[in-house]
Amino acid sequence: MFENLTDRLSDSLKKITGQARVTEENVKDTLREVRMALLEADVALPVVKEFVEKVKLRAVGQEVQRSLTPGQEFIKIVNAELVSVMGDACEDLSLKSQPPAVILMAGLQGAGKTTTVAKLARFLKERKKKSVMVVSADVYRPAAIKQLETLAAEVGVVFFPSEASEKPEDIARKAIDAAKKKFIDVLIVDTAGRLHIDETMMGEIKSLHASVKPVETLFVVDAMTGQDAANTAKAFNDALPLTGVVLTKTDGDARGGAALSVRAITGKPIKFLGVGEKTDALEPFHPDRVASRILGMGDVLTLIEEAERKLDKTKAEKLTSKIKKGKGFDLEDFCDQLQQMKNMGGMAGLLDKLPGMGQVSQMAQQHVNDKMLGQLEAIIGSMTPHERHYPDVINNSRKRRIASGSGTQIQDVNRLLKQHKQMQKMMKKFTKKGGMASMMRGMKGMMPPGGGFPPMGR
């Protein structure tokens, strides 16, 4: 997400960063380019106008004039205004009510609503330690009921069965009664989507809303529809008291216009981003972190949180202990590291969150994708256990057999062995310094107060 906008803004802001003085003239030139970059990213015109005006007022004022590094100060202003446009802070779900706290999910057909219900259920269960029940009140699409049942089993939450012949309000009331009896903390109600907003749909969901009195009413919308996403959310909000928005398919949206338009147009916060197809691909929306990523400064805090959550701590401790004892880092360990990297979103997913790595991340996606990681695993899988533990014993004859067994070329096997040696050296350094978690914390400590503003040169 934001690749195009990040590239355009970086190029625009780079010109002003090195200036000894920031004048009204060079601010005007830079903001003209910023304006074009935002419009190309499909940010709504009223939002762009207000954003540019606010940056201009602050940039030509005393704030920048008195700064020793006016270029950096200007970028600070752009960053602060981006955060302001998207909402000043991450807004959590409000679940403080008599259990079960009811969350009503609304949205148009095809936005990924039912999948988002499962993702949110998993998020609440794993990260908030809540007991969760899900129910489908989509009586127009029986397949949606079955889909939610399958997803509920996958994420390990309670599914309340419903029938297409029932009324949505009756389904919701029965689910609330069942959730009370089972002492469930949160009940998520999936509703019917439509191809467009119509009076029938609004009347039905208003009636359902009045019946269940949800603590949260979330509107699920496809980020790839750009500023249309914000306009659709506004139309929905005019009819229903929304408490927040979930932007889905953000991993497929290179522009990011929806994220920058929704809050300003609807007045409602974006609470979550859908960042992939898997059920764990739902992230709380942090405006400051997203602004940092838009400006090519990375998102180290999210990276640290992902590492804490997704890296296998037991395996990491065993590996650290093994290397400290001088037993080395073999190909079995290398294979484990590849798996951990895939869990973290692959090489590109990691680089995307590191400061100043925007273009490197794109190159990584071309050269180090999931297919290549799978190829490396296949090569290691074609070796004997002895060879995995002692790679130096692999001769040319065996390299040919391994390449043949993994469907690769001999040069691929040689490249893997070379990469393993390089990683071996790196792991020794990490182990001395306290491992991956220590490295991540170190990176966080290196960031200046307020998130850090490294040079824009990339």
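What the table below lists for this structure:
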item	result
Odd one out for Gln109, checked against (1) modelled with pLDDT of 90 or more; (2) open to solvent by 50 Å² or more (accessible area, probe 1.4 Å); (3) within 25 Å of Val221 (Cβ to Cβ)	(1)
One residue from Ala153, Ala164, Ala178 being assigned to a helix (DSSP H, G or I), open to solvent by less than 50 Å² (accessible area, probe 1.4 Å), of a type in the set (A, V, I, L, M) and free of Cβ contacts under 8 Å to residues at least 60 places away in the same chain	Ala178
Condition check for Thr69: modelled with pLDDT under 75, surrounded by fewer than 20 Cβ atoms within 10 Å (Cβ to Cβ), out of contact with any strand residue (DSSP E or B) (no Cβ under 9 Å at 6 or more places or on another chain) and under 17 Å from Leu295 (Cβ atoms)	yes
Helices (runs of 4 or more DSSP H) wholly inside the range 356-458 containing at least 1 residues that are at pLDDT below 70	358-367, 370-381, 410-433, 435-446
Residue list for the range 404-416, restricted to those being hydrophobic (A, V, I, L, M, F, W, C) and farther than 18 Å from Leu338 by Cβ	Ile410
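Per-residue answers, yes or no, for (1) within 20 Å of Lys271 (Cβ to Cβ); (2) touching an Asp or Glu at 6+ places or on another chain (Cβ under 9 Å); (3) at pLDDT below 85:
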| position | (1), (2), (3) |
| --- | --- |
| Pro46 | no, no, no |
| Phe51 | no, yes, no |
| Ile75 | no, no, yes |
| Leu93 | yes, yes, no |
| Val102 | yes, yes, no |
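The values are calculated or read from the model by the stated rules, or taken from the named source; none is laboratory data. Just so you know, these numbers come straight off a predicted model, no measurement behind them. Please note: Cβ atoms are built from the backbone with ideal geometry, for glycine as well, and neighbour counts cover all protein chains shown. The protein model used for the area step is the full one, side chains on, heavy atoms only, and it has no ligands, DNA or RNA in it. Shrake-Rupley method; radii C 1.70, N 1.55, O 1.52, S 1.80 Å.
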